[in-house]
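To keep things clear, I will list the structure first and then write my remarks on it.
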Amino acid sequence: MTYFDHNATAPLHPAARQAWLAAAEKFIANPSSPHRLGSRADAALEEARSRLATMLGCQPHEIVWTSGATEANNQVLHHFASVLPSEATVCISAIEHPSVIESAAHYFGPRVRLIPVGRDGVVDLPWLAAELEQRRPGLVAVMAANNVTGVLQPWEQIAQMCRRREVPYFCDAVQWLGRESAAGLGACDYVSGCAHKVGGPRGAGFLKCPAKREFKPLLFGGPQEEGRRAGTENVAGMLALVATLEARQGLLGEQESRRELRDRFIERLLVELPGVEIVGASQRRLWNTVAAMFPAVDCRQRWVVKLDKLGVAVSTGSACSSGKEEPSPVLLAMGRTPGEAGRVLRMSSGWETEAKDWETLLSAIKLAASELRQAVPA
């Protein structure tokens, strides 16, 4: 099976596997235990915290270990729901991950202000500037890179805008980390990340948050993480997370060659299959992501299903192939109709994806297109 769904989860990287196995064998104790074995596990955890902080450009005590980015994202919204005045609003980009959008809706309801995005998938900075000036929200949340389209958001500029207005800024960096440089993310007040999107283990994530400010934990029942997150830390998972991110950071010099592989695929796709539209084509995107709107076909014969049968795994912009139509909220926020959103496929590669894999993907698409055309009644 040729795998083009790295934005959903990536195969385990050798560095992550090695780090996990070594830690699971060596650091067997609970890091909160008072004996020497516990102290060794705690020291390993703190070393990993320091290494991650170095990558982000923040202080080690600003890192809180979590079970993943979904927990971290929920932690942030839970915290602000606990500390903000009852009338405070929060500004959330309309293309955030569901763990941010739905958490914000749960805690803030009608006080959520969705930051609009253009048809190109980039947040509306003038709108946000006016909101910061007129309303001064209690929180701004804009991700670094979108998981559906790969479009990069101006998170550095947003961080500066929020800093000038003394408004906390939260950046979901899940898709950014391991594909773009982590340097500078520490300047954001809150940053979430996880391991499994770039080859680390599932169940390992983190939240960067200001250490000197009040923080309302989501989980209670223990003093771990300086009282910010109860529960025994996943030592092996966190060491594997950091090892994976360090390995990926070492590959950043190869970004351009990886981007060229993607762009050559796009060029040939547009020639071989007229009518395809690349979503967000005018904007900077992750080098590994292609979101393409394909020609309309009968929903029961979805592109993603055909490609799966041809040995290529991609992702779809809606749940149509599972028997129900649920267009991607990201694509709807970008002004696509439900019908258009249902025709978008996301193809996301990894660092190990080679030219021959892109060739296999293109050949499968061409064959699927031929079969689908033959299946459509005259």
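The values are calculated or read from the model by the stated rules, or taken from the named source; none is laboratory data. Keep in mind that what you see is a predicted model, and the values were worked out from it rather than measured. Note that each Cβ is placed from the backbone with ideal geometry, even for glycine, and that neighbours are counted across all protein chains shown.
I want to confirm something. Restricting to region 182-198 and keeping residues that are in contact with a Leu (Cβ under 6 Å, 6 or more places away or on another chain) and within 24 Å of Thr353 (Cα to Cα), which single residue is surrounded by the fewest Cβ atoms within 10 Å (Cβ to Cβ)? Give the steps one after another, and end with the answer.
Applying the first criterion (in contact with a Leu (Cβ under 6 Å, 6 or more places away or on another chain)) to region 182-198 yields 182, 185-186, 191-193, 195.
Narrowing the set further to residues that are within 24 Å of Thr353 (Cα to Cα) leaves 182, 193, 195.
Numbers: Ala182: 24, Gly193: 33, Ala195: 33.
Among those residues, the one meeting the criterion is Ala182.
Name the one entry in Val242, Val271, Val276, Val235 that is farther than 19 Å from Ser349 by Cβ, of a type outside the set (D, E, K, R) and in contact with a Pro (Cβ under 8 Å, 6 or more places away or on another chain). Walk me through it before giving the result.
Working: Val242 fails: in contact with a Pro (Cβ under 8 Å, 6 or more places away or on another chain); Val271 fails: in contact with a Pro (Cβ under 8 Å, 6 or more places away or on another chain); Val276 fails: farther than 19 Å from Ser349 by Cβ.
On inspection, the qualifying residue turns out to be Val235.
With the requirement that a residue be under 19 Å from Leu252 (Cβ atoms) and either surrounded by fewer than 19 Cβ atoms within 10 Å (Cβ to Cβ) or of a type in the set (Phe, Trp, Tyr) (or both), what does region 157-181 give you?
Trp176, Ser181
Give region 323-352 a look and list any residue that's assigned to a strand (DSSP E or B) and either among the β-branched types (Val, Ile, Thr) or outside the structural domain of Arg258 (by TED's automatic domain parsing) (or both), or say none.
Initially, region 323-352 is screened for residues assigned to a strand (DSSP E or B), giving 327, 344-348.
Passing the criteria: only Val344.
In region 113-155, what residues are in contact (Cβ under 8 Å) with a residue 60 or more places away in the chain and among the basic types (Lys, Arg)?
Arg119
Evaluate the following for Ala10: is it surrounded by 15 or more Cβ atoms within 10 Å (Cβ to Cβ) and either in a helix (DSSP H, G or I) or touching a residue at least 60 places away in the same chain (Cβ under 8 Å) (or both)? If you could, list the steps in order and put the result at the bottom.
Working: surrounded by 15 or more Cβ atoms within 10 Å (Cβ to Cβ): yes; either in a helix (DSSP H, G or I) or touching a residue at least 60 places away in the same chain (Cβ under 8 Å) (or both): yes.
Here the answer is yes, as Ala10 does meet what is asked.
From the list Thr54, Thr66, which residue is over 24 Å from Tyr107 (Cα atoms) and either β-branched (Val, Ile, Thr) or surrounded by 18 or more Cβ atoms within 10 Å (Cβ to Cβ) (or both)? Even if it seems obvious, please write down each step before you answer.
Working: Thr66 fails: over 24 Å from Tyr107 (Cα atoms).
It is Thr54.
Can you find, within region 220-230, the residue that is nearest to Pro34 (Cα to Cα) among those that are in a loop (DSSP other than H, G, I, E, B) and touching a strand residue (DSSP E or B) at 6+ places or on another chain (Cβ under 9 Å)? Spell out how you get there, then give the answer.
First, pick out the residues of region 220-230 that are in a loop (DSSP other than H, G, I, E, B): 220-224, 228-230.
Next cut, touching a strand residue (DSSP E or B) at 6+ places or on another chain (Cβ under 9 Å) only: 224, 228-229.
Working: Gln224: 13, Arg228: 20, Arg229: 19 Å.
My answer is Gln224.
Within region 352-362, how many residues turn out to be farther than 20 Å from Ile278 by Cβ and surrounded by 20 or more Cβ atoms within 10 Å (Cβ to Cβ)?
Within region 352-362, the first condition is being farther than 20 Å from Ile278 by Cβ, and the residues that meet it are 352, 354, 356.
Right, trim to surrounded by 20 or more Cβ atoms within 10 Å (Cβ to Cβ) and you get none.
So the count comes out to 0.
Report yes if Val112 is more than 23 Å from Pro210 (Cβ to Cβ) and β-branched (Val, Ile, Thr), otherwise no.
So Val112 does not fit the description; no.
Condition test on Lys212, is it more than 29 Å from Tyr3 (Cβ to Cβ) and crowded, with 24+ Cβ neighbours inside 10 Å? Explain how you work it out, then say what you get.
Values: more than 29 Å from Tyr3 (Cβ to Cβ): yes; crowded, with 24+ Cβ neighbours inside 10 Å: no.
The answer is no for Lys212.
When residues of region 32-50 are filtered for being under 23 Å from Lys212 (Cα atoms) and surrounded by 18 or more Cβ atoms within 10 Å (Cβ to Cβ), how many remain? Let's see the steps before the verdict.
Here is the first cut: in region 32-50, the ones under 23 Å from Lys212 (Cα atoms) are 32, 42-43, 45-50.
If we keep only those that are surrounded by 18 or more Cβ atoms within 10 Å (Cβ to Cβ) too, we end up with 42, 45, 48-49.
Number of matching residues: 4.
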